[in-house]
Amino acid sequence: MCGIVGYIGNKDAYPIILKGLKRLEYRGYDSAGIAIINGKLNIYKKRGKVSELEDYILGMDKKGTIGIGHTRWATHGEPNDRNAHPHHSQNRIFTIIHNGIIENYTHLKHSLKEQGYEFYSETDTEVLANLIEYIYTSQKVTAEIAVRLALLKVVGAYGLVVLCSEEPDKIIAARKSSPLVIGIGDNEYFLASDATPIIEYTDRVIYLNNDDIAIIKKEEMVLKNLKNDILQPNIEKIDLCISEIEKNGFDHFMLKEIFEQPRSIQDTFRGRISQEMNEIRLGGLYSVNDQLVHAKRIILIACGTSWHAALVGEYLFEDIARIPVEVEYASEFRYRNPLIGKEDVVIAISQSGETADTLAAIQLAKESGALVLGICNVVGSSISRETDAGVYTHAGPEIGVASTKAFTAQVTVLTMMAFMIGKEKGLVSDERMAILIKELYDIPSKIEQILKLNDEFKKIAGIYKHVTNALYLGRGVSFPVALEGALKLKEISYIHAEGYPAAEMKHGPIALIDENMPVIFIATKDKSYDKILSNIQEVKARNGAVIAIVTEGDDIISKMADHTIEIPEADEVLISLLAAVPLQLIAYHIAVMRGCNVDQPRNLAKSVTVE
Ligand code: AGP
């Protein structure tokens with residue numbers, strides 16, 4: 001939810017931290033702050049974006065080679081200067097930045113007040129800063145020990161970075177449930193919530209695990225756990241390149257990521273489908289293959305767009321692998337005392353791999369003894385570590401808050417899983433498998449064809465940019481795509497939109513239809529095509545405006561709809577990969593025309609790591 005950056009080395013810390021915060025702003029952007037230690041401690045923080053902080057700091061003392069920075073998405077305390085991070089302890093001995101939630105902060109705050117501590121903010125983070133200071137001064141221990149003892153009293157989640165003005169030669173970092181990555185340079189170390197601010201300096205990283213504490217000086221880093229055991233760091237090599245995290249000439253990250261989908265889908269199936277062998281191989285699932293193939297039920301848990309991908313997964317697993325599926329909002333699943341059997345397979349789907357509700361649902365599923373798998377886009381993310389096995393989508397960093405390429409990559413993985421299981425169960429013939437593999441190979445070029453219609457989508461957006469409501473309708477595997485199209489429009493243009501099964505329109509939503517209500521149909525050629533023709537006629541009979549996504553060459557709907565968007569023909573199970581793209585672009589253009597902040601929509605953040 002928040003972005004954390006730190007640097008210790010021989011270079012000026014400020015420019016490194018500032019640039020890192022800008023790369024992480026997608027994680028939260030309601031306030032920002034920087035602390036730099038150079039003999040004395042300078043803290044600058046305020047409400048607003050990183051660029052506003054940069055203007056605020058102009059001309060101030062920011063020299064120093066050790067520093068930390070934070071960009072916030074408020075959880076405790078409204079976005080304002082006082083609640084912005086970094087937070088210092090009462091006597092300014094400790095300065096900390098924190099991503100996560102200290103669940104027992106009110107209890108800790110009460111105890112500290114009894115010791116004479118006063119607080120200037122409403123945050124849980126300030127409580128932690130004072131707790132560390134209280135232990136440090138009352139028990140006369142080192143900063144490292146004070147941090148460790150304080151964390152032993154904490155209930156909750158943290159990605160934490162600490163400076164101590166009395167031990168100014170080090171940075172202390174710790175992690176529980178909120179991600180923290182350490183980049184290893186030559187006599188310098190970089191810290192960040194994920195690898196994007198680090199990759200331009202080094203490709204050697206350590207992903208901190210839960211209960212890890214790192215004590216970092218310029219020339220060395222010591223890794224321990226909360227029990228004070230010294231740990232051997234697991235140094236990994238990241239293969240991201242800087243261009244992947246920059247806009248590369250696109251106006252927005254979201255537009256770049258929509259146009260990346262031919263490549264991201266290709267990268268997701270690359271090395272996993274083989275025409276020669278006519279097989280699908282998902283290495284991450286080898287160890288659990290039998291349990292997956294013999295699953296009595298699959299439970300898909302996710303949030304937001306990932307939940308829409310899960311709904312597509314339900315159609316695929318039931319239709320192709322003939323396994324009963326339940327799709328659950330993670331936030332609901334975790335609280336309703338669900339029945340989870342040992343023969344169930346729970347699959348968590350998450351782009352960020354850090355969504356708090358999905359992580360909590362995973363814990364619940366693990367307690368039941370079920371096999372828990374993950375489909376994530378961020379290597380080393382919490383969900384990828386908490387699950388028994390899984391499959392990474394290879395969509396590359398998704399910076400735009402509105403998820404696009406992650407959705408199509410998730411659907412690609414779910415399709416491969418369904419066919420892999422179906423084949424193992426003898427339900428998918430060699431011929432059917434060969435057709436699917438060929439069709440999957442053709443998807444990137446078909447999306448390229450759709451992307452060429454971008455100007456057409458822009459024209460349609462221009463016609464409907466002032467509407468206040470919109471309805472998205474689809475049947476079968478296109479129903480989740482209707483939901484996804486509606487979410488895209490809602491979250492970036494702030495127009496209210498709803499997705500519905502097309503047949504459900506008669507059970508209420510049809511009352512909404514008039515000339516001011518555009519209805520977007522996914523009406524490609526499939527077994528329910530004739531039914532959706534009737535639905536379109538029902539809308540037209542009530543003066544509704546119809547935008548229809550149709551199969552190339554459809555000359556029926558073009559005579560009925562106000563606008564038709566022709567997409568290439570594809571196997572019914574793959575149509576969601578194609579139909580989503582026009583909806584992403586129409587939402588994008590409407591949002592831009594309405595002057596909305598497409599990459600950082602109001603009230604939203606890229607990764608919802610709080611409940
Ligand atoms: C989708 O555009 C939204 N940004 C949001 O619904 C997102 O899909 C949801 O928060 C789940 O995130 P995750 O996939 O990282 O778990």
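Where a number appears in this text, it was derived from the coordinates with a stated rule and is not lab data. Model, not experiment: these values are computed from the prediction. Every residue, glycine as well, gets a Cβ built from its backbone with ideal geometry; the counts of neighbours run over all protein chains shown.
Worth pointing out:
- For Tyr335, Tyr26, Tyr56, the sequence from fewest to most other C-beta atoms within 10 Å is Tyr335, Tyr56, Tyr26.
- Restraint check, Lys506/Lys531; Lys153/Lys227; Lys46/Lys176; Lys342/Lys366; Lys45/Lys109, Cα-Cα greater than 18 Å: Lys46/Lys176; Lys45/Lys109
- When both segment 284-305 and segment 516-544 are represented by their alpha-carbon centers, they are found 35 Å apart.
- Rg over Rh for segment 125-190 works out to 0.98, both radii taken from alpha-carbon positions and Rh defined as the Kirkwood radius.
- Here segment 1-61 is treated as a sphere whose radius is the Kirkwood value from Cα pairs; by Stokes-Einstein at 20 °C and 1.002 mPa s it diffuses with a coefficient of 180 µm²/s.
- Note that segment 280-288 has calculated 3J(HN,Hα) couplings of 10, 10, 10, x, x, 10, 3, 5, 10 Hz, one per residue in order, obtained from phi through the Karplus relation 6.51 cos²θ - 1.76 cosθ + 1.60 (θ = phi - 60°); glycine and proline are x.
- 10 Å binning of all Cα-Cα separations within segment 78-150, expressed as whole percents from 0 upward: 21, 57, 21, 1
- Ranked list, fewest to most other Cβ atoms within 10 Å of each Cβ, for Ile34, Ile258, Ile301, Ile435: Ile435, Ile258, Ile34, Ile301
- Most simply put, the chain has about 60% antiparallel DSSP beta bridges, counting only bridges with both residues inside it.
- About its Cα centre, the dipole of the chain is roughly 1000 debye, where the only charges are +1 on Lys and Arg Cβ and -1 on Asp and Glu Cβ.
- Partner aspartates and glutamates for Lys540 [C-alpha distance under 14 Å; skip if fewer than 8 residues away on the same chain]: Asp514, Glu515, Asp562
- Expressed in units of 2.2 N^0.38 Å, where N is the residue count, the Cα radius of gyration of segment 539-608 is 1.42.
- Rg and Dmax of segment 289-381, both derived from C-alpha coordinates alone, stand at 12.1, 32 Å.
- For segment 434-548, the spread of Cα positions along each principal axis, largest first, Å: 45, 30, 22
- Positive-pole candidate from Leu151, Thr358, Gly374, dipole of the chain, charges at beta carbon: Leu151
- Normalised per residue, the volume of the convex hull around the Cα set of segment 404-466 (Å³): 105 Å³
- Calculated Rg and Dmax of segment 366-424 using C-alpha coordinates, Å: 12.8, 37
- Averaged over residues, the count of other Cβ atoms within 10 Å places the peptides 395-405, 260-270 in the sequence 395-405, 260-270, highest first.
- Taking every C-alpha pair closer than 8 Å and separated by at least 6 residues, the mean separation divided by the residue count of the chain gives a relative contact order of 12 percent.
- GluC sites (Glu not before Pro) within segment 162-242: DSSP coil, no more than 14 neighbouring Cβ in 10 Å: Glu166, Glu219, Glu220
- Order of Phe119, Phe259, Phe317 - criterion: other Cβ atoms within 10 Å of each residue's Cβ, fewest first: Phe119, Phe259, Phe317
- In whole percents, the pair-distance distribution calculated for segment 465-611 from its alpha-carbon pairs, binned every 10 Å from zero, is 12, 43, 33, 11, 1.
- Normalising the Debye intensity of segment 124-274 to I(0), with uniform scatterers on Cα atoms only, and taking log10 at q = 0.09, 0.21 Å⁻¹ returns -0.39, -1.29.
- Put simply, the convex hull of the Cα atoms in segment 479-529 casts, on average, a shadow of 4.0 nm².
- Note on the chain: Rg/Rh from Cα positions, Kirkwood definition for Rh, rounded to two decimals, is 1.00.
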